[in-house]
Amino acid sequence: MKFLVIGLGSMGKRRIRCLKALGVQDVAGYDPRADRRAEVKERYGITVYDDFDHAVKTFSPAAFVVSVPPDRHHHYLDIAAENRIHFFVEASVVDTGFDQLKRKLAAVPIVAAPSATLLFHPAIAQIKEIVASGRLGKISNILHHSGQYLPDWHTYERVSEYYVSNPATGGGREIVPFELSWLTKVFGFPDRVCGNFRKTIEIEGADQIDDTYNMLLDYTGFLASVTVDVVSRHASRRLLVNGEFGQLIWDWDDNCIRIFNPAGSEWETIPYDMGEAAPGYNQNIGESMYIEEIRSFIAAIEGKAAFPNDMENDHRVLKLLYAVEEADRTSSYVRVEN
């Protein structure tokens, strides 16, 4: 099976590594930037193209892996749908014709796999099982914080040189769907939301972006408070879930989940193995979850199992982001379509 990786920036290179780790031999790459093509050709030994149409015609891929900036996703997804080419695409941040794309996809027998990387994180997979089992009892409230420092993402280039400096696709805004994709799989979609998003500090090259999002998700029966930012000088991801039978705490720095059992007044520690991170990446961002995500995409193409995310769900998550932004602009709660 042939895979064409579209976009050879940091995520495109990561997806190539994933395919290679899974033993996939027929991989090619496309990027208009000569420096990226040269780096990928030297590092991974794959064929690279500077012309997209020529790449598709010459290489004849069975699947696209779309790792371009979010505001350009739709161009390649439309081509995939029109040519019945399976595709994997990084998480959506902007709605550039989602409804039209979904109508096209409904008429063609291809796998459309929007990224949901954190569903493959070993801690989150276990948290999902724990919550679904009812072990914590009825959920009362949830606190979640995801923080990173934007200039640390790409230490080899300025923030102004890639898409995170674009207000529509960058900064804290890009990470919100990344977190909501797994939170909604674990806890479901809320009934209504309110929130705020702001530029709170100065980051060189990111003059126009909002660096912090605060969200209150109202599930009627319980509440979730979620903060996502790109101003945290130490990359962090922390979750606290209060249930009637226990409390769950996860801090990704600890490599374990902790559950408090009030009956015995004791904490249970559930360790997990994150695996190795690629050179230059935070130790908590192991390659294994990205590899498992691409493995799941391949399995879906082969008809072995459905990919755990789809375009309809991806669109719902994006609408949730838009609802939070509307809530801030109108100083009100916004109902969520369910």
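Assorted remarks:
- Candidates 281, 213, 49, ranked by Gaussian network fluctuation over the chain, Cα under 10 Å, top entry: 281
- Mean ellipticity per residue at 222 nm, deg cm²/dmol - from DSSP H runs of n ≥ 4 across the chain, formula -39500 (n - 2.57): -10500 deg cm²/dmol
- Summing charges over all other residues whose Cβ lies under 13 Å from the Cβ of residue 185, with Lys and Arg as +1 and Asp and Glu as -1, gives -2.
- 3J(HN,Hα) from dihedral phi, the range 250-260, Karplus parametrisation 6.51/-1.76/1.60, rounded to Hz, x for glycine, proline: 9, 10, 5, 6, 8, 6, 7, 9, 10, 10, 8
- Net charge contributed by nearby residues that have their C-beta within less than 12 Å of residue 213 (K/R +1, D/E -1): -4
- Projected area averaged over orientations for the range 29-114, convex hull of C-alpha atoms, nm²: 5.7
- Angle between the chain longest axis and helix 171-187 axis [Cα atoms, degrees, rounded to 10]: 60
- Backbone phi angles across the range 100-112, fed through the Karplus curve with coefficients 6.51, -1.76 and 1.60 (θ = phi - 60°), yield HN-Hα couplings of 5, 5, 4, 5, 5, 5, 5, 9, 10, x, 10, 8, 10 Hz in residue order; Gly and Pro are listed as x.
- Set 57/104; 128/304; 13/128; 41/185; 41/319 screened for pairs whose C-alpha atoms are more than 32 Å apart: 41/185; 41/319
- In order along the range 300-314, the phi-based Karplus estimate (6.51 cos²θ - 1.76 cosθ + 1.60, θ = phi - 60°) of 3J(HN,Hα) comes to 5, 4, 7, x, 7, 6, 6, 5, x, 9, 9, 5, 5, 5, 4 Hz; Gly and Pro are listed as x.
- FRET efficiency estimate (nearest 0.05) - Cβ-Cβ, residue 266 to residue 100, R0 56 angstrom: 0.55
- C-alpha center-to-center spacing [the range 1-36, the range 215-263] in angstrom: 35
- Ordering 283, 271, 315 by the projection of their Cα atoms onto the charge dipole of the chain, which places +1 on the Cβ of Lys and Arg and -1 on the Cβ of Asp and Glu, puts 315 at the extreme positive end.
- Taking amide H as placed 1.01 Å from N in the peptide plane, residue 247 has its amide H under 5 Å from the amide H of 260, each at least 5 places away in sequence or on another chain.
- Gained length - residue 83 relative to residue 240, 0.36 nm times residue gap less alpha-carbon distance: 52.0 nm
Coordinate-derived values only; no laboratory data. Predicted, not measured: the structure shown is a model, and the values here were computed from it. Positions of Cβ are backbone-derived with ideal geometry, glycine not excepted, and every protein chain shown enters the neighbour counts.
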